[in-house]
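Comments concern the structure below.
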Amino acid sequence: MSEKPAPADTARHQLQPDAADGLRAYAARTRESADRFAAVLEDIAANGLPAVEDCTPWEELREAHLARLAAQRPAVA
């Protein structure tokens with residue numbers, strides 16, 4: 001996407017207020033997530049990688065995430 005505003009001769013369609021609010025909320029969540037990720041990368045750059053003993057194996061993280069997803073969306077018979 002471009003940082004430049006749309007040309008004046010291009011018609012833009014305004015969003016409904018609820019849709020615009022939802023889009024702003026999504027942008028805020030995305031920005032917050034990106035900021036957390038950037039903070040982790042900056043910490044690793046400044047301090048190095050954490051000790052293996054202090055880390056959670058990716059398999060455990062995957063299983064926990066899959067369990068969260070399954071709880072949100074029950075299986076259909």
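The values are calculated or read from the model by the stated rules, or taken from the named source; none is laboratory data. Keep in mind that what you see is a predicted model, and the values were worked out from it rather than measured. Ligands, DNA and RNA are stripped out before the accessible areas are found, and what is left, the full protein with its side chains, is counted by its heavy atoms. Shrake-Rupley method; radii C 1.70, N 1.55, O 1.52, S 1.80 Å.
Rundown of residues vs (1) aromatic (Phe, Trp, Tyr); (2) open to solvent by 100 Å² or more (accessible area, probe 1.4 Å), yes/no style:
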| position | (1), (2) |
| --- | --- |
| 20 | no, no |
| 26 | yes, yes |
| 30 | no, no |
| 34 | no, no |
| 38 | no, no |
| 41 | no, no |
| 44 | no, no |
| 49 | no, yes |
| 53 | no, yes |
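Among the candidates 31, 68, single out the residue that is among the basic types (Lys, Arg) and modelled with pLDDT of 95 or more.
Values: 68 fails: modelled with pLDDT of 95 or more.
Of the residues listed, the single one that is among the basic types (Lys, Arg) and modelled with pLDDT of 95 or more is 31.
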